[in-house]
Each structure stands twice: as C-alpha cells, then as structure tokens.
1. Quick check, is Gly75 over 30 Å from Asp3 (Cβ atoms) and modelled with pLDDT under 85?
2. Output the number of residues of segment 1-16 satisfying the condition of being modelled with pLDDT of 85 or more and loosely packed, with under 10 Cβ neighbours inside 10 Å.
3. Find the residue count for segment 35-90, including only residues that are of a type in the set (Asp, Glu), under 13 Å from the mean Cα position of the chain (by Cα) and within 26 Å of Lys104 (Cα to Cα).
4. For segment 17-28, enumerate the residues that are of a type in the set (Val, Ile, Thr), within 18 Å of Glu102 (Cβ to Cβ) and open to solvent by 60 Å² or more (accessible area, probe 1.4 Å).
5. Within segment 29-72, restricting attention to residues that are at pLDDT 90 or above and not aliphatic (A, V, I, L, M), which residue is surrounded by the most Cβ atoms within 10 Å (Cβ to Cβ)?
6. Can you pull out the residues in segment 28-46 that are over 16 Å from Ala8 (Cβ atoms), in contact (Cβ under 8 Å) with a residue 12 or more places away in the chain and either among the aromatic types (Phe, Trp, Tyr) or out of contact with any strand residue (DSSP E or B) (no Cβ under 8 Å at 6 or more places or on another chain) (or both)?
Amino acid sequence: DCDGQHEAYEYICNFLASIVQRPGRKIGVMLWLVGPQGSGKGWINSAMGELLGNAFLQLNSINQLVSHFNAHLIGKALINIDEASFDGSVEQAERIKSLITEKKMYIEGEPAHFACTVCKTRDKGGS
C-alpha cells in the first residue's frame, strides 16, 4: 500500500497496468522501488513476470542493463534489477535515460551468447 501514500500506490498501479494495456509502447519513466525486506517489491515483480512471460526480464545488476551487449533486452516490456544500485556515473545515467525514453534502440549482440535459465531448487524432500 506504499506506506499509506495513496497517490504513490495509484501511480504504481497505473504504471503496471499501462505495460499490459499498451504493449510495445514505452512509458518514459522508471520505477525505483525501495523498501525493507518483505515489503512486497519482489511479489510485484513475480506477479508481473508471470503475467508478461517472455516480455519480462530479471537481471542481477544494473551493469547487465547498461552494457554494450544488449540483445537480451529485445522485446522486453518490463525489466527488474534485483537489489540494484546506481553508481552515479553520467554515462550510466545517460544509457538508462536512453533505454527509458528513446523510441529506437541500437542492438549489439555479445560474441558469447547470452542465455537465461530457470533455476530450480530442491526441497528437503529430495524430489
């Protein structure tokens, strides 16, 4: 509930709805969700990931978003960077701004193929 801030809650709901209602259109802004562990940040991304399927991308660092090799960003409607931190560099900020606002994006593939995989964990029952 955004810590009781109804306006922020409405904004986030509208932001997420627009991703589904207007596929292929950039929104022009980026959400940076901040909160303590257990506040629901991961739940929101899990739910959106389930809804969007291959149009959702989970990254582990901001460098995976702003690197020169960016073919993994093709066709993504929502990208989550878990536990992201911004180093404050002008170059990084400009690359992020360009990804968010520009209508076209230069794609550069990596010589070694980038791959995403689903990690499965075993429960203690050993299935």
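1. No.
2. So the count comes out to 2.
3. Counting residues in segment 35-90 that are of a type in the set (Asp, Glu), under 13 Å from the mean Cα position of the chain (by Cα) and within 26 Å of Lys104 (Cα to Cα) gives 1.
4. Across segment 17-28, the qualifying residue is only Ile27.
5. Looking at residues that are at pLDDT 90 or above and not aliphatic (A, V, I, L, M), I get Phe56.
6. Hits for segment 28-46 are Gly28, Gly42.
The values are calculated or read from the model by the stated rules, or taken from the named source; none is laboratory data. The model shown is predicted, which means the values in this text are computed figures rather than measured ones. Because the Cβ atoms are built from the backbone with ideal geometry, glycine has one as well, and the counts that use them run over all protein chains shown. Note: areas computed on protein heavy atoms with side chains; ligands, DNA, RNA excluded. Shrake-Rupley method; radii C 1.70, N 1.55, O 1.52, S 1.80 Å.
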